[in-house]
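Structure first, then comments.
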Amino acid sequence: MVRSADYQNPRFARAYLAGVDLADRRGGYEHRRRLVAGLEGRVIEVGAGSGRNFPHYPPTVTEVVAVEPDDTLRAHAVHAAAAAQVRATVVPGHGEDLPGEPGTYDAAVVSLVLCTVPSPERALREIVRLLRPGAALRFYEHVRSPNLALGLLEDLVTPAWRRLAGGCCPNRDTRAAIERAGFTIDDVTAFPFSPQPGVPRLTHLLGTAHLPL
């Protein structure tokens, strides 16, 4: 059984909050804008962090329910939700046990979270449970490099990286996990991105997918 305490990482939360402005200036702002552009209806955002996506949701979104397990980040997300142009509610929870009734959302958003959840497969199953048939998934994630040498290096450093970076695993094949969960990929762009000086340029994916009708 997963406890709330298992998802508390104050040190990582402080580091994230200290660096997220710079990451957005280096390209993250535009990535987030593209991530949610064109969404409609009721949206669940899994792993909302401090709420950096909230300003970018278009007015065609009727409600955002944002799930964030970390107490520190969730407190910041609550403040961001109050200033959002769309109705946004921030709730505690984690990817493997999401709150909500089956089939009640028109879209789901994940950004830099499937690298961190203990089981992306379980998190994606929960997302599928909450979405209606034909619903959309928007994803912005860093993944294992397609370059053989870099991919092997990411495999090597993952155990230490995971301990230092709040559970983040740089070597996950997130696209394959999304497809195995039953989504069809509609569009995906792969690009190298470094959020901070001195941080390696990891392969990132920005894409859209949907469930069958």
(message) Running a GNM on the chain with Cα contacts under 10 Å, which residue among 171, 53, 147 ends up with the highest mean-square fluctuation?
(response) 147
(request) Rounded, prolate or oblate: pick one for the stretch 92-213, where a ≥ b ≥ c are the square roots of the eigenvalues of its C-alpha gyration tensor, a/c under 1.5 means rounded, and failing that, prolate if a/b is larger than b/c, else oblate. (result) prolate
(message) Could you tell me the calculated FRET efficiency between residue 121 and residue 153, based on Cβ-Cβ distance and R0 = 35 angstrom, to the nearest 0.05?
(response) 0.90
(request) Report, to two decimal places, the Cα Rg of the chain normalised by 2.2 N^0.38 Å (N = number of residues). (result) 0.95
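Readers should treat all values here as calculations from the given coordinates under stated rules, not as data from a laboratory. Fair warning: this is a prediction, and the values are worked out from it, not measured in the lab. Every residue, glycine among them, receives a Cβ derived from its backbone with ideal geometry; neighbour counts consider all protein chains shown.
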